[in-house]
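Report on the following structure.
The values are calculated or read from the model by the stated rules, or taken from the named source; none is laboratory data. Fair warning: this is a prediction, and the values are worked out from it, not measured in the lab. Note: ideal-geometry Cβ built from the backbone for every residue, glycine included; neighbour counts use all protein chains shown.
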Amino acid sequence: MICLISLTLYLLTHYGLIELFQLDMVKVRRFLVLVQEDYHNHNPYHNSVHAADVTQAMHCYLKEPKLAKSLTSCDVLLGLLAAATHDLDHPGVNQPFLVKTNHYLAALYRNTSVLENHHWRSAVGLLRETELFSHLPTEDSLNMERQLGSLILATDISRQNEYLSKFRTHLDQEDLCLGNTSHRHFVLQMALKCADICNPCRPWELSKQWSEKVTEEFFHQGDIEKKHKLEVSPLCDSETNSIADVQIGFMTYVVEPLFAEWARFSDTRLSQTMLGHLCLNKASWNAMQPEEAEGEQAAATEEPSSRALPQGSQEC
C-alpha cells in the first residue's frame with residue numbers, strides 16, 4: 001500500500017516545497033517510505049491509511065482562503081509533515097492502557113501525552129536518520145523539529161478542552177492575527193486537530209466505515225484488558241457499548257464543539273458542508289439506537305443522501 005507515500009510526495013510537489021527548501025528527492029522518498037513502514041497496518045484504524053486521510057484533510061484546510069493567504073511555506077511544510085506523522089508507530093491502544101500496564105513509553109513520558117510524544121519523537125528520529133533537513137542551518141532544523149512536536153502534541157484528545165477554550169476566546173475577542181507567527185501556528189494546530197477527527201464530517205458511506213474501524217480497535221483493546229483481568233477502558237467494552245453509542249458521544253462532546261468553532265473562524269462552503277454531513281451522520285447513528293421506536297428502527301437501514309446537504313450551521 002503506497003497511498004501515504006504517493007499522496008504526501010504529490011502534495012510536497014504541489015506546494016513547491018521540495019524546490020523551495022531544496023530537499024533531496026532521494027531523502028524525501030526514503031523518509032516517506034520509512035514513515036509508512038512505521039505505521040502498524042494491522043491496526044484497524046491507526047494505520048497508514050488514516051495518516052493519508054488526515055494528510056488529505058489537512059491539505060483541504062490549508063487551501064481555505066484565510067489560511068491560504070496567510071500561511072508561510074514553512075507553515076505548510078510543517079502542517080503536511082505533522083499530518084503524515086501524527087500517529088507514527090501507534091500501538092493500537094490508548095494512553096490509559098499504556099499507563100495501567102506499566103508500558104515503558106508511559107514511564108518514558110511520565111504518563112503525559114504518551115502517544116503524541118512518541119509519535120513526535122519517532123518522526124524526529126526518521127528526519128535525522130534520513131538527514132532530510134541536514135542541509136539547513138542547525139538552528140533552523142531544530143526549530144522545525146520543535147514546531148513539528150508542537151503540532152503533533154496538539155492532537156492529544158485529553159487536551160481538547162484546553163485548545164478549544166483558547167480558540168473560542170480568540171474568536172470571541174476577534175483578536176486572531178494571522179500575521180502573528182504564534183497565532184498562525186495556533187491556527188495550524190487547530191487545523192490538524194480538525195483533520196485528525198473529521199471523519200464524522202464526511203459523507204455517510206465513508207464516515208460509517210471509519211466509525212466501524214475505530215470502534216473495532218477500541219473493542220480489541222477491551223478484549224485484551226478482559227483477557228488480562230484489567231479494568232476495561234471506557235468505550236472499549238463490546239458487551240456494554242455499541243458503535244452507535246460510541247459515535248454519538250464522540251460527535252456530541254468532541255466533534256461538534258470543535259467544528260462549530262472552526263466554522264466561526266472559517267465560514268466557508270467546506271465548513272458548512274462538513275457540519276451538514278455531521279448532522280446527517282449523527283441522525284443516522286441515533287436511528288440505529290435499540291431504544292428507538294419501531295417506526296424509526298426501519299430508518300436504520302437507510303443511508304442519508306450526501307447530495308442534499310444543509311448549507312448553514314445547524315444544531316444537530
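One residue is enough: does segment 264-278 have a residue meeting the conditions more than 24 Å from Lys193 (Cβ to Cβ), within 23 Å of the chain's Cα centre (by Cα) and not assigned by TED's automatic domain parsing to the domain that holds Thr101? Checked against the condition, which is being more than 24 Å from Lys193 (Cβ to Cβ), within 23 Å of the chain's Cα centre (by Cα) and not assigned by TED's automatic domain parsing to the domain that holds Thr101, segment 264-278 yields no hits at all. Would you pick out the residues in segment 99-116 that are without any contact (Cβ under 8 Å) to a residue 40 or more places away in the chain, among the polar types (S, T, N, Q) and touching a helix residue (DSSP H, G or I) at 6+ places or on another chain (Cβ under 7 Å)? Result: Asn111, single match.
Remark: pairs (first residue in segment 71-89, more than 27 Å from Asn41 (Cβ to Cβ); second residue assigned to a helix (DSSP H, G or I) and among the aliphatic types (A, V, I, L, M); Cβ separation under 8 Å; 6+ apart in sequence or on different chains) = Leu71/Leu62; Leu71/Leu188; Ser73/Leu17; Ser73/Leu20; Cys74/Met144; Asp75/Leu188; Val76/Leu17; Val76/Leu62.
Selection within segment 121-148: residues that are in a helix (DSSP H, G or I) and among the hydrophobic types (A, V, I, L, M, F, W, C). The member of this set that is surrounded by the fewest Cβ atoms within 10 Å (Cβ to Cβ) is Leu142. For segment 175-191, the count of residues that are of a type in the set (Ser, Thr, Tyr), farther than 16 Å from Gly79 by Cα and modelled with pLDDT of 95 or more is zero.
Screening Thr240 on (1) closer than 20 Å to Asp53 by Cα; (2) without any contact (Cβ under 8 Å) to a residue 40 or more places away in the chain shows it passes everything except condition (1). Take the residues in segment 219-235 that are closer than 14 Å to Pro44 by Cα and touching a residue at least 40 places away in the same chain (Cβ under 8 Å), then tell me which one is surrounded by the fewest Cβ atoms within 10 Å (Cβ to Cβ). So, considering only residues that are closer than 14 Å to Pro44 by Cα and touching a residue at least 40 places away in the same chain (Cβ under 8 Å), the one surrounded by the fewest Cβ atoms within 10 Å (Cβ to Cβ) is His220. For Glu205, the test of being closer than 19 Å to Ser48 by Cβ and either surrounded by 15 or more Cβ atoms within 10 Å (Cβ to Cβ) or not assigned by TED's automatic domain parsing to the domain that holds Asn94 (or both) is failed.
I'd like to know if segment 72-85 contains one or more residues that are surrounded by 15 or more Cβ atoms within 10 Å (Cβ to Cβ), in a loop (DSSP other than H, G, I, E, B) and in the same structural domain as Gly149 (by TED's automatic domain parsing). Scanning segment 72-85 turns up no residue that is surrounded by 15 or more Cβ atoms within 10 Å (Cβ to Cβ), in a loop (DSSP other than H, G, I, E, B) and in the same structural domain as Gly149 (by TED's automatic domain parsing).
Exactly one of (1) surrounded by 18 or more Cβ atoms within 10 Å (Cβ to Cβ); (2) at pLDDT below 95; (3) within 30 Å of Glu225 (Cβ to Cβ) is unmet by Pro304. Its number? So Pro304 meets the others, but not (3).
Counting only residues that are hydroxyl-bearing (Ser, Thr, Tyr) and either outside the structural domain of Asp38 (by TED's automatic domain parsing) or surrounded by fewer than 17 Cβ atoms within 10 Å (Cβ to Cβ) (or both), segment 106-120 holds 1 of them.
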